[in-house]
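Reviewing the structure listed below.
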Amino acid sequence: MTRQLITLIVNGDRYQVPVAPHETLLDVIRDQVALTGTKRGCTSGACGVCTVQGEDGRAVLSCLALAIEWDNRPVTTIEGVAGEDELHPVQKAFLEYGAVQCGACTPGLIMTAKALLDENPDPDEEAINEALAGALCRCTGHIKVKIAVREAIKAMVADAAAEDSHGV
Amino acid sequence: MQLPLFEYHRPASLDEALATLGTAGSSLAVLGGGTDLLINLKLRLERPRALLSVRELPELAGVSVDAAGTLRIGAGERLTDLATHPLLVARYPGLAQAIRAVGSRHVRNMATLGGNLCLPTRCWYTNQSEGWRGSQLPCWKTEGQVCHVIKTASNCRAIHSADSVPALIALDARLLLRSSQGERELPLADFYRDDGIENNVLAPGELVIAVLVPPARLRSVFVKAAARTGLDYGYATLAGALGGSNRAPKSLLLVAGSVGTMPMVLHQSARIILADGLTEASIEAAADAARDDLGEVTNLFTPPGYKKRLVRGLVRRVLNELRRQKLPAAD
């Protein structure tokens, strides 16, 4: 089996990693780049715990992506979401509103919610449901997750408004 | 689940892709977004020697309308981009709805239209891990001689559940195929076969290049009945596209999906509407007539007769929505 050296750009850092064609982006992020926040769940695209953001910011299932196709394409994982000193508003809202029980789904849900808000800062109920349908939580029944996402939206809208008025 | 070993080819051009496809034959699997193929590989349902990645080929990209008004959608287009494409949403609402019904948002961010058109049929008895499958006799699809769903079936009755397909057939779409030998076009409705294994007429060495939707001002609707709204295959789906007015319809195609090994056109139901126009009474009659067109239905998870009753309800819903929908603007 021949391995090919690729450059994986994870959270802005470049990693030279040898990959075989059958290795998924998930395998390489966890086992070679050693960032284990991205979880391995169903490995068949149904649970969403392996969600990362691709170069266009969209949610991607790393269990169904071949690493070899991600040469020189930026990826954001849960480790790259928080700022220097503080958590991302979605992370804060998950903490504050208790959208976490066992925690296994949390990285995938946060990446899913962040991908949604990066693309659409003010999604309606239908858009939130549509996005979250691809990432499962078996503890909370998604109710607290949805509350947290709605609160994160409010916080981000308020932050943006504060920044605007500050600028004036 | 781990992927098996395979080689990986990413051709630089369509010509190179077609040349590779032409020589490698069935030992090669075409990789689009990978959201179905990689699962099937993990389940060991397919064992190709190599994957041919076609997603990045520029010839498979783009959504455009030519001078005659024919819509062309490249097979490599992502489902998310198509579901939200302003042209599709405005002019082909039923198609946009159908594409949005595929998988989850995550899946649509990766999956391609070409992949959905070539989606293998599925069955609860085969789309399982190797170990699970090994606990009972192999079926037609896994080199056995029995169908676990319809015991009397003499071929594989696995279900065709690609949501974009009924919507495209309702719009009378055509498929553009190319091989190193040349190009051909055929109605999408003629692409599928009533066999769960050899499910389409794609010849060895051929690749799906694009879908062509003929110019017509149609109202269109797609509905899907599934266990959950997101990320489930349908129990039944129904697409409809209507030309003309409610009182004097000129054309109507109703196409059911997820009920058999190929999409089913409901001729009887459409005939009733074309004769009588869209009225409360004709919609009821058309819904009742749907079962005559369905024939043998694969009832997985559902009691006998359930899907036929379900389709009756979907016909009613689609026709009522078509009746209310405004005709899309001319441009």
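No lab work stands behind these numbers, since they all come straight from the coordinates. Being a predicted model, the structure only gives us computed values, none of them experimental. Glycine gets a Cβ as well: all are built from the backbone with ideal geometry, and neighbour counts include every protein chain shown.
Details
- Helical mean residue ellipticity (222 nm; -39500 (n - 2.57) per DSSP H run of 4+; nearest 500) of the protein assembly as shown: -9500 deg cm²/dmol
- The protein assembly as shown: Rg to Rh, with Rh as the Kirkwood radius over Cα pairs: 0.97
- With a Förster radius of 22 Å applied to the beta-carbon distance between A:Leu95 and A:Glu125, the computed FRET efficiency rounds to 0.45.
- Length gained on full extension, B:Glu46 to B:Leu5: 13.6 nm, using 0.36 nm per residue less the C-alpha separation.
- Part-to-part distance (alpha-carbon centres) for segment B:253-287 and segment B:194-238, which is given in Å: 17
- Centre-to-centre separation between the Cα atoms of segment B:150-181 and those of segment A:103-168: 37 Å.
- Spatial extent of segment A:89-167: Rg and Dmax, with the Cα atoms as the point set, Å: 12.5, 43
- Taking each of A:Lys92/A:Lys114; A:Lys92/A:Lys144; A:Lys114/B:Lys42; B:Lys42/B:Lys141; B:Lys250/B:Lys326; A:Lys114/B:Lys224 in turn, the alpha-carbon distance tops 21 angstrom for A:Lys114/B:Lys42; A:Lys114/B:Lys224.
- Share of pairwise Cα separations in segment B:100-180, more than 16 Å, in percent: 63
- Gaussian network model of chain B, springs between alpha carbon atoms under 10 Å - residue of B:Ile39, B:Ile169, B:Ile159 with greatest fluctuation: B:Ile39
- Cβ-based exposure ranking for B:His106, A:His166, in which fewest neighbours within 10 Å come first: A:His166, B:His106
- Considering only B:Ser258, B:Ser164, B:Ser64, the Gaussian network model of chain B with Cα springs below 10 Å gives its largest mean-square fluctuation to B:Ser64.
- Once both labels are positioned 7 Å from their Cα atoms along Cα-to-Cβ, the gap between A:Ser165 and B:Ser135 label points is 6.1 nm.
- Cβ-based net charge around B:Arg184, under 12 Å, with every Lys or Arg adding one and every Asp or Glu removing one: -2
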